[in-house]
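So the structure is just underneath, and the comments pick up after that.
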Amino acid sequence: QKEVEQNSGPLSVPEGAIASLNCTYSDRGSQSFFWYRQYSGKSPELIMSIYSNGDKEDGRFTAQLNKASQYVSLLIRDSQPSDSATYLCAVNGGWGVGGAQKLVFGQGTRLTINP
Amino acid sequence: ETGVTQTPRHLVMGMTNKKSLKCEQHLGHNAMYWYKQSAKKPLELMFVYSLEERVENNSVPSRFSPECPNSSHLFLHLHTLQPEDSALYLCASSQDLLVGYTFGSGTRLTVV
């Protein structure tokens, strides 16, 4: 059973600080890694993707991947109250048919940014 | 507008009813998916369609029946559901192995 593990939280961070979210996965064959943000009552929204070891930065967001240790992390700099949401880690298990892929999701980490 | 539209947004149905969820994607993607999201559980993959052919059926009970008439439309037909089937049902689409899904806004289903 391929698994993706996240700390469910809640994680509470003061406004302006760095929020750090972590995810581990079990399938060493995983190729693609994604972070989704889900506001309460809404659907998930893709915010970051990463495929190679190291860091990938996009604005206030930085995704980090370490395939040897099988973990992915998301850093949010200068956290804002609008960043309060549940963050879902998703991993592609290397399975694909005609462009379709199977993403395995973690249960999500609930993040609260306190003003 | 996310590019993936789901209807209805909310649905309440009795255990003996038959209803259908609809999903339409305007992104030109070639793969579509149904996921179930229950409280405090990870998203559960239900069905995968690639180029209108079902390529994954994740041990879903037969009371859920998918249909993909073309690459832009996906349906989930529901009949004789159980209260534990109450959840948020999410449709998604994708084009490429290296790009994540685009999700629709979801249908909040309540079975009474």
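Read-outs: derived from the displayed coordinates by stated rules, not from any lab. Being a predicted model, the structure only gives us computed values, none of them experimental. Cβ coordinates were reconstructed from backbone atoms using ideal geometry, including for glycine residues, and neighbour counts include every protein chain displayed.
Here are the numbers:
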item: Principal axis dimensions, chain A - Cα atoms, whole angstrom, descending; result: 44, 31, 22
item: Order by protection proxy (mean Cβ within 10 Å, highest first), peptides A:73-82, A:105-114, B:87-96; result: B:87-96, A:105-114, A:73-82
item: Those lysines that a straight Cα-Cα span of less than 23 Å connects to A:Lys67, excepting residues fewer than 8 apart in one chain; result: A:Lys2, A:Lys56, A:Lys102
item: In sequence order, calculated HN-Hα J values of the stretch A:5-21 (Karplus, 6.51, -1.76, 1.60; Hz; x Gly/Pro); result: 10, 9, 6, 6, x, x, 9, 10, 10, x, 4, x, 8, 9, 9, 10, 10
item: Full-extension gain in nm, A:Ala17 to A:Ala68, via 0.36 nm per residue minus C-alpha separation; result: 15.5 nm
item: Stretch in chain B that is longest and holds no trypsin sites (Lys or Arg not before Pro) that DSSP places in a loop and that have at most 11 other beta carbons within 10 Å; result: B:41-112
item: Candidate lysines for bridging to B:Lys19, where Cα separation is under 20 Å - those fewer than 8 sequence places away on the same chain excluded; result: B:Lys36
item: Point-charge dipole on Cβ atoms (K/R +1, D/E -1) for the stretch A:24-78, about Cα centre, debye to 20; result: 80 debye
item: Separation of the A:Ser26 and B:Ser65 label points, Cα + 7 Å toward Cβ, nm; result: 3.4 nm
item: Top positive-direction residue, dipole computed over the protein assembly as shown with Cβ charges, set A:Asn53, B:Leu81, A:Gln101; result: B:Leu81
item: Proximal aspartates and glutamates to B:Lys40, defined as alpha-carbon separation beneath 18 angstrom and excluding residues fewer than eight positions away on the same chain; result: A:Glu3, A:Glu5, B:Glu84, B:Asp85
item: Low-density loop cleavage sites - chymotrypsin sites (Phe, Trp or Tyr not before Pro) in the stretch A:24-66, where at most 10 other Cβ are within 10 Å (DSSP); result: none
item: Listed residue (B:Gly28, A:Leu11, B:Val60) projecting farthest to the positive dipole end of the protein assembly as shown, Cβ model; result: B:Val60
item: In sequence order, calculated HN-Hα J values of the stretch A:74-81 (Karplus, 6.51, -1.76, 1.60; Hz; x Gly/Pro); result: 10, 10, 10, 8, 6, 4, 10, x
item: About the Cα centre, charge dipole magnitude for the protein assembly as shown (Lys/Arg +1, Asp/Glu -1 at Cβ), debye; result: 500 debye
item: Among B:Val55, B:Val12, B:Val99: highest mean-square fluctuation, GNM of chain B, C-alpha pairs under 10 Å; result: B:Val99
